[in-house]
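Worksheet for the structure shown next.
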Amino acid sequence: MHNTQRLRLMQLASSALPVGSFTWSQGLEWAVEIGWVKSVDDFSAWQIQQMEQNFFTVDLPLLARLYRACEQDDLVAARRWSAYLLACRETRELRDEERSRGAAFTRLVTDWEADCSREWRALFVDSQLCGMAWLGVRWKIPLMELALSLGYSWIESAVMAGVKLVPFGQQAAQRLIITLCDRYAQGLVQALACPEASLGSATPLAAIASARHETQYSRLFRS
């Protein structure tokens, strides 16, 4: 990649990207409240499970499919996989998060790439993942690099939520980021090649935590 492409990739991975990722814990807050996650080790095990049984089997393979749809300007395929992604979000809060981040990302794309068609922007509103795929194709960022950026952003957001909720300190947070990134790198290629028959999440505790979080008495995060 050229230097400009690398810098744009860093911008997409930045925690300063205004899509509201810092406001969501994806059920972690209730998992901490109920005592499922009490320590750094508990958090690491929880997050690895989310990575291997959800991110590797939903987000990454769907990113690959959306990326190919954007390369081919195939709106039908993009609609199908965007709808599939929403169907994999098992609670109202998880779907709200997907749509909230998608709407915020759409505003960015509209500002950055004013000639993006209305049909494509309508898909981004429901899924930030589709917008990321479209920008990756538009900016000629290879799929593997885009997937690394997406994964790092997800890991960093999760760890920062853990800092507030578990809690643990910044040194522990940085060690966790290294550990989770190593695990992510090991499974990345296989996840992008995940066959259609293997798509879907297997994280029932996370779904329960997200559903229970909707009525949690006192909370810091939206989900």
Looking across region 160-174 at residues that are without any contact (Cβ under 8 Å) to a residue 24 or more places away in the chain and part of a helix (DSSP H, G or I), the single one that is farthest from the chain's Cα centre (by Cα) is Gln171
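Residues are listed down the side, and each one gets a yes or a no for (1) open to solvent by less than 30 Å² (accessible area, probe 1.4 Å); (2) closer than 24 Å to Ser218 by Cα:
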{"position": "Leu7", "(1), (2)": "no, no"}
{"position": "Leu12", "(1), (2)": "yes, no"}
{"position": "Ser25", "(1), (2)": "yes, yes"}
{"position": "Glu33", "(1), (2)": "no, yes"}
{"position": "Trp36", "(1), (2)": "no, yes"}
{"position": "Asp42", "(1), (2)": "no, yes"}
{"position": "Gln49", "(1), (2)": "no, no"}
{"position": "Phe55", "(1), (2)": "yes, no"}
Part of a helix (DSSP H, G or I) and modelled with pLDDT of 95 or more: which single residue out of Ala104, Ala122, Ala78 fits that description?
Ala78
Only one of these is without any contact (Cβ under 8 Å) to a residue 60 or more places away in the chain and open to solvent by 70 Å² or more (accessible area, probe 1.4 Å): Ala83, Ala114. Name it.
Ala114
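Per-residue answers, yes or no, for (1) touching a helix residue (DSSP H, G or I) at 6+ places or on another chain (Cβ under 6 Å); (2) open to solvent by 80 Å² or more (accessible area, probe 1.4 Å):
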{"site": "Leu143", "(1), (2)": "yes, no"}
{"site": "Leu146", "(1), (2)": "yes, no"}
{"site": "Ser149", "(1), (2)": "yes, no"}
{"site": "Gly169", "(1), (2)": "no, no"}
{"site": "Ala173", "(1), (2)": "yes, no"}
{"site": "Thr179", "(1), (2)": "no, no"}
{"site": "Glu196", "(1), (2)": "no, yes"}
{"site": "Thr203", "(1), (2)": "yes, no"}
{"site": "Leu220", "(1), (2)": "no, yes"}
Take Glu90 and tell me if it is surrounded by 18 or more Cβ atoms within 10 Å (Cβ to Cβ), part of a loop (DSSP other than H, G, I, E, B) and not aliphatic (A, V, I, L, M).
yes
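The values are calculated or read from the model by the stated rules, or taken from the named source; none is laboratory data. What you see is a predicted model; the values in this text were computed from it and never measured. Heads up, the Cβs are rebuilt from the backbone with ideal geometry, glycines too, and the neighbour counts pull from every protein chain shown. For accessibility, only protein heavy atoms count, side chains too; no ligands or nucleic acids. Shrake-Rupley method; radii C 1.70, N 1.55, O 1.52, S 1.80 Å.
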